[in-house]
Amino acid sequence: MKPSLGLTFIALLISPFIFGSVSSSSSPLKHPLLGIAPEDEKYYKTSSDLIKCKDGSKKFSKTELNDDFCDCPDGTDEPGTSACPLGKFYCRNSGHTPLFLYSSRVNDGICDCCDGSDEYDGKVKCPNTCWEAGKVARDKLKKKIATYQEGVTLRKQDVEQAKKSLAKDEAELLKLKDEEKILKVLVEQLKDLFISIQHAAEAKEESAVIPETVHDSESKGNDASENTEGLSKEELGRLVASRWTGENTEKQTEEVDASKDKDHGGHEETPEATHDEEDDGYASETDDDNQRYEDDDMEDEVDEEFREEDHYDSGSYKSDSDTEPDLSDITTPSNPSLLEKIQKTVHNILRAVNLFQTPVNQTEAASVRKEYDDSSAKLSKLQSRISSLSQKLKQDFGPEKEFYSFYDRCFESKQNKYVYKVCPYKQASQEESHTTTRLGRWDKFEDSYRVMMFSNGDKCWNGPDRSLKVRLRCGLKNEVADVDEPSRCEYVALLSTPALCLEEKLK
């Protein structure tokens with residue numbers, strides 16, 4: 001008995017609910033591995049008939065691969081269909097950039113892959129536009145390759161120069177430390193010499209007064225104490241000063257005696273007294289001139305060694321946070337070292353100064369004092385240079401010292417009304433007119449030397465302390481660009497540099 005027409009129509013209406021609807025992606029795949037990334041092909045080409053789901057939950061047979069039925073919760077078995085919600089489809093896009101699509105976008109009537117591989121059911125015809133679309137990307141890639149090729153060469157040159165500069169700084173530091181030890185000794189010698197001269201002068205002042213008192217006591221009896229006590233402080237001071245300065249004391253002695261005669265009725269000098277004064281150990285004017293230490297030329301020569309010069313880098317500029325003393329003369333092989341000159345000066349002083357001569361030469365004492373002051377100042381500069389070099393050599397300059405040239409340099413970028421300054425190993429700042437905001441102090445490198453961190457900057461109103469993250473990329477020169485503030489008081493910048501032009505990246 002044939003079914004009636006009405007029953008047949010009803011059966012057609014309810015059959016989709018009983019047997020299931022026809023899949024929109026029921027068209028056969030053009031390629032069995034469609035939607036699978038090249039690096040995953042080996043996973044599906046196993047010799048076993050069963051393939052594990054990547055999450056390890058189940059297994060499926062090769063015949064169930066891309067059968068438009070989801071067997072794995074993670075979509076491992078349906079990379080080329082839209083059957084699994086978590087599945088992903090791989091667009092090869094030959095001639096352009098490959099990409100992944102969510103499986104829901106497969107055969108949805110929209111051409112998402114430039115090669116049209118995501119719409120294989122034939123409902124929509126997608127032309128292959130990858131070559132045209134990829135031209136911009138290919139040109140950009142070619143330019144990037146050329147930049148890396150030149151950048152790799154520049155980086156090698158910078159690394160070689162950094163190694164030479166580092167070795168030079170290390171050698172200079174060792175030499176300065178050795179010279180510091182010697183200079184300390186010389187400064188102490190000059191200090192002791194000056195103190196000795198002072199003590200000798202004081203002793204001569206006392207001996208210049210005591211013999212006269214004793215001599216007067218022998219000739220005048222009890223009047224001696226009255227003669228010294230009768231002098232005013234000013235007169236006694238002039239008498240003592242005459243012994244120190246080496247001035248003509250005969251006139252002052254006569255003036256003192258005249259004062260004594262006026263007060264005490266006068267007293268005639270005996271020949272013995274005159275003879276004692278003449279033989280009191282005073283050097284003659286000729287002897288004094290012969291022994292006088294002339295140090296003007298020598299001082300000029302030594303002072304010339306510490307004239308400072310400014311040096312600038314044409315590629316960027318030196319950080320002005322620290323001012324280094326110019327001690328280039330210490331490490332210049334062609335010129336006599338600073339210490340040799342100081343040693344020569346001290347030797348000449350020791351040879352020229354006679355601590356037992358009478359009267360004491362004030363010029364020599366002043367020369368010793370000046371040499372002591374100058375040597376102390378030079379020692380201070382030398383120690384400052386030692387401290388600066390020691391601080392520099394403690395820094396992390398990268399695995400090949402590729403960032404050595406960054407020290408004491410700053411890189412600027414002007415954006416709108418702000419000028420941003422990035423000074424590696426020091427600090428970063430933002431300038432507006434005459435106002436400077438510190439974005440952070442140098443902290444460290446991160447992400448395998450691809451990021452520089454500056455932290456603990458100026459306090460941000462109602463927010464955290466300012467900070468700056470500088471991302472590094474390959475470039476033919478050091479320059480800062482694209483400074484932004486993605487989060488409140490947290491800044492991000494981009495710095496191009498040959499230091500990031502790695503040869504392995506080029507390959």
Query raised in the report: Pick from the stretch 43-67 the residues that are among the β-branched types (Val, Ile, Thr) and either assigned to a loop (DSSP other than H, G, I, E, B) or touching a residue at least 24 places away in the same chain (Cβ under 8 Å) (or both): which of them is most open to solvent (accessible area, probe 1.4 Å)?
Result: Thr46
**Report entry** Inter-residue pairs, beta-carbon under 7 Å, first among the acidic types (Asp, Glu) and at pLDDT below 75 and in the stretch 360-376, second surrounded by 15 or more Cβ atoms within 10 Å (Cβ to Cβ) and in a helix (DSSP H, G or I), 6+ apart
**Finding:** Glu364/Ala352
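Let's see how each residue does on (1) β-branched (Val, Ile, Thr); (2) surrounded by 14 or more Cβ atoms within 10 Å (Cβ to Cβ); (3) at pLDDT 90 or above:
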site	(1), (2), (3)
Gly75	no, yes, yes
Leu86	no, yes, no
Cys91	no, yes, yes
Tyr120	no, yes, yes
Lys164	no, no, yes
Query raised in the report: Does the stretch 462-478 contain at least one residue that is over 28 Å from Asp158 (Cα atoms), modelled with pLDDT of 95 or more and either assigned to a strand (DSSP E or B) or under 20 Å from the mean Cα position of the chain (by Cα) (or both)?
Result: yes
Report task. Find all pairs meeting these conditions: Cβ atoms under 6 angstrom apart; at least six residues apart or on different chains; first residue within the stretch 68-97 and closer than 18 Å to Lys52 by Cα; second residue β-branched (Val, Ile, Thr) and in a loop (DSSP other than H, G, I, E, B). Result -> Asp68/Thr81; Pro79/Ile36
Query - Scope the stretch 151-180; condition among the aliphatic types (A, V, I, L, M) and either over 18 Å from Asp408 (Cα atoms) or in contact with a strand residue (DSSP E or B) (Cβ under 7 Å, 6 or more places away or on another chain) (or both); matching residues - result: Val152, Leu154, Ala171, Leu174, Leu176
**Report entry** Pairs with Cβ under 9 Å, 6+ apart, first in the stretch 115-143 and closer than 23 Å to Ile36 by Cβ, second of a type in the set (A, V, I, L, M, F, W, C) and assigned to a helix (DSSP H, G or I)
**Finding:** Asp115/Cys130
Query raised in the report: Could you list, in sequence order, the residues of the stretch 382-424 that are open to solvent by 20 Å² or more (accessible area, probe 1.4 Å) and in a loop (DSSP other than H, G, I, E, B)?
Result: Lys394, Gln395, Asp396, Pro399, Glu400, Lys401, Tyr407, Asp408, Asn416, Lys417
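Name the single residue, out of those in the stretch 98-108 being hydrophobic (A, V, I, L, M, F, W, C) and without any contact (Cβ under 8 Å) to a residue 60 or more places away in the chain, that is most open to solvent (accessible area, probe 1.4 Å).
Leu99
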Query raised in the report: Out of (1) in contact (Cβ under 8 Å) with a residue 24 or more places away in the chain; (2) open to solvent by 100 Å² or more (accessible area, probe 1.4 Å); (3) under 26 Å from the mean Cα position of the chain (by Cα), what's the single condition that is false for Asp169?
Result: (2)
Query raised in the report: Does Trp442 satisfy being without any contact (Cβ under 8 Å) to a residue 12 or more places away in the chain, over 30 Å from Gln149 (Cβ atoms) and either surrounded by 13 or more Cβ atoms within 10 Å (Cβ to Cβ) or over 20 Å from the mean Cα position of the chain (by Cα) (or both)?
Result: no
Query - Number of the exception - Ser429 against (1) in a strand (DSSP E or B); (2) over 24 Å from Ser165 (Cα atoms); (3) touching a residue at least 24 places away in the same chain (Cβ under 8 Å) - result: (3)
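The values are calculated or read from the model by the stated rules, or taken from the named source; none is laboratory data. Owing to the predicted nature of the structure, the values given are computational and were not obtained by experimental measurement. Here Cβ is always computed from backbone atoms with ideal geometry, including for glycine, and neighbour counts include all displayed protein chains. Note: areas computed on protein heavy atoms with side chains; ligands, DNA, RNA excluded. Shrake-Rupley method; radii C 1.70, N 1.55, O 1.52, S 1.80 Å.
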